Amino acid sequence: MTRIILTATAAIGLILSPMNIPTLSTAGFPGVAMAASIDPALLSNLNAAKAAVAAAEAAVADAQSKGEGQEAAQQQLDVARAAYSEAADTVEKAKAAAEAEAASVQAEKPEQKAAETSDQDTIPKSGEITKAKEGRSKSGDAKADSGKTKKRRPVVEATKQGGQTQEAPAKSESSTQAKGHAASVQPPAAKGANETLPSSGEANDSQSATAEKPAGGEAKEEAAVPAPSADAPEAKPIADAPITEQIEKAAEAPAAVIPDQATREDETKLRAAEEVRRAKAKQKRAELIAAAAAGVAVGVLIPVLGGKVVEDQGDRFVVERNGEYYVRKDEGSLLRQDGTEVRIDNLKGGRTREIVTRPNGVQIVTLRDPGGYVLRRLKVYPNGDEVVLYDSREAATDRFVDYDRTLPPIRIGIPQDQYIVAGGRANRRSLRSTFLAPPVENIRGAYSLREVRENNRLRSIVRRVDLDGITFDTGSATVRSSQVPLLADTAGSMLDVIDLNPAAVFLVEGHTDAVGPEILNLTLSDRRAETVARILVEAYDIPPENLVVQGYGEAYLKINTQDAERQNRRVTIRNITPLLMTEAR
């Protein structure tokens, strides 16, 4: 244990040392197009910083497995993460300066005649070259001890071809099977009309800071995002508190929105507060996630989870099952707001029941299996009336069906822009119509929440709304306060649907670009989905029990590129109510 900690310490010392460091390869840093113009020592520092974080993480894992020295190992990891953040920040600034200089030089060059350049090698502009990552293993074997993972090639989100929608594989991989689709029941009957830099666990797509440009290399000007429609709800001021106060609160609850004027130093302090919160979450995880959490440790196979833990960030951990990665977390965090009372009962067979009671007397009751998977959730009003959102107690939760492979490719018989709707350019009424529209194929049965979350084939049966007005800085899961109003029409349409059917369930999906480790992208995407969910709850009063949050990392790219791409750093929402098992069926 001591030896491992000393190794991490030595690596950190190397980062901070003013001595000359041998230049290392920059191949592991996608997007460093101007590497030759950056001080090699800076890149070396970044390489060393990554190595230090990996060594420190290995030390923490080793300490956890041995049950000793955990506090010291964690302290070393915190120091390593801070050093990495500082080194990456320096490299980002250097790259930005180099690219600006290169752009300036390019602008000053006179255009040369074709005859004069026909014999010469043409040097493309920055942004005209894209590098495909090396092929990713389908099995995605995790190497948690080294901080590296084998990555599967992401697939591009569904594109319509001849009436049949298939998810095209990224780059040249044509053997990747389309993921997403399955069966049809009518929607429920109406009930009434009425750039930050990451700490470990967030390093993912933040590891590339190149300017985001289309394949031609020319910057593409984004169309102006319209203001919310007249009937859209007004957002509550959820980011009005001083950033210092938000940083203090971040040690207790995740920060979703930060002021537009927040500085990089503010964001660094915010990340440090996040680390404190995640450590606290780990201590009480056993009661929040269920009995399975007691054995959570990197490298441990946990039968009730169906796989091996490959990443542990305190408030989230990642399980590898059958070559696929799944992020797990406390499913009730959105429900626990100010003034709520929480009671957790341990039931027979390892199940748990959580009862959240709000000041108005409304209770949200959630039943989980021994693996922490949600089996049932219902809303109980003070007068005794109940609304069942989903109930899969009778389903075989220990048996996983890969509908992505067993069901035929989905066929879409509607225009693409009606199947995938741009939320930032649609009004409340049109978005409501999208969420209430029937599934695009007949549903073959009712599915558990877990099956819907884990099979894109099932999710693709219902239409989706892309929140194109909300994208994230590379490596970040927070948004600026000026983006909150862009969710107004989406929130209003969701409130309309819930008013018609209080049992409506929306899946909030998070995504990243393809830059960075696959596992860390997965957890980052989950945090992005939670950010949007928190905004919907806190700014627009969407009932949190009607939301399900899930991150899918880089698995479903919107833009087919392995480079940093803002449009891939996004959140999508679907009304999955028609797919779910309930007592009514």
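Evaluation of residue 546 against the conditions (1) within 30 Å of residue 50 (Cα to Cα); (2) crowded, with 24+ Cβ neighbours inside 10 Å; (3) not basic (Lys, Arg) shows that the sole unmet condition is (1). Identify the residue in region 420-444 that is out of contact with any helix residue (DSSP H, G or I) (no Cβ under 9 Å at 6 or more places or on another chain) and of a type outside the set (Lys, Arg) and, among all such residues, is farthest from residue 558 (Cα to Cα). Among those that are out of contact with any helix residue (DSSP H, G or I) (no Cβ under 9 Å at 6 or more places or on another chain) and of a type outside the set (Lys, Arg), it is 442. Candidates 275, 287, 311, 331: the one that is at pLDDT 90 or above and of a type in the set (Asp, Glu) is 311. In contact with a strand residue (DSSP E or B) (Cβ under 8 Å, 6 or more places away or on another chain) and surrounded by fewer than 20 Cβ atoms within 10 Å (Cβ to Cβ), is that true of residue 316? So residue 316 does not fit the description; no. Scan region 299-322 residue by residue and report those that are under 15 Å from the mean Cα position of the chain (by Cα) and basic (Lys, Arg). 316 - this is the single residue of region 299-322 that is under 15 Å from the mean Cα position of the chain (by Cα) and basic (Lys, Arg). Selection of first residues in region 63-81 that are under 16 Å from residue 299 (Cα atoms) and of second residues that are surrounded by fewer than 20 Cβ atoms within 10 Å (Cβ to Cβ) and modelled with pLDDT under 70, restricted to Cβ pairs under 7 Å at least 6 apart or on distinct chains, gives the following pairs, ordered by first then second residue: 63/1; 63/69; 63/70; 64/70; 66/1.
Among the strands (runs of 3 or more DSSP E) lying completely within region 343-388, list those that include at least 3 residues that are of a type in the set (D, E, K, R) and surrounded by 15 or more Cβ atoms within 10 Å (Cβ to Cβ).
374-380
Yes or no, residue by residue, for (1) surrounded by 22 or more Cβ atoms within 10 Å (Cβ to Cβ); (2) outside the structural domain of residue 457 (by TED's automatic domain parsing); (3) in a loop (DSSP other than H, G, I, E, B):
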site	(1), (2), (3)
472	yes, no, yes
483	no, no, no
495	no, no, no
508	yes, no, no
527	yes, no, no
536	yes, no, no
564	yes, no, yes
573	yes, no, no
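For beta carbons closer than 7 Å, sequence separation of 6+ or different chains, a first residue in region 320-334 that is acidic (Asp, Glu) and a second that is at pLDDT below 85 and crowded, with 21+ Cβ neighbours inside 10 Å, the qualifying pairs are 320/142; 330/288; 330/289.
Within region 417-458, the only residue that satisfies the criterion of being crowded, with 19+ Cβ neighbours inside 10 Å, touching a strand residue (DSSP E or B) at 6+ places or on another chain (Cβ under 9 Å) and of a type in the set (Lys, Arg) is 453.
Scanning region 525-570 for residues being charged (D, E, K, R) and closer than 20 Å to residue 315 by Cα gives a total of 6.
The values are calculated or read from the model by the stated rules, or taken from the named source; none is laboratory data. Because the structure is predicted, anything quoted here is derived from the model rather than measured. No Cβ is skipped: glycine too gets one built from the backbone with ideal geometry, and neighbour counts run over all protein chains shown.
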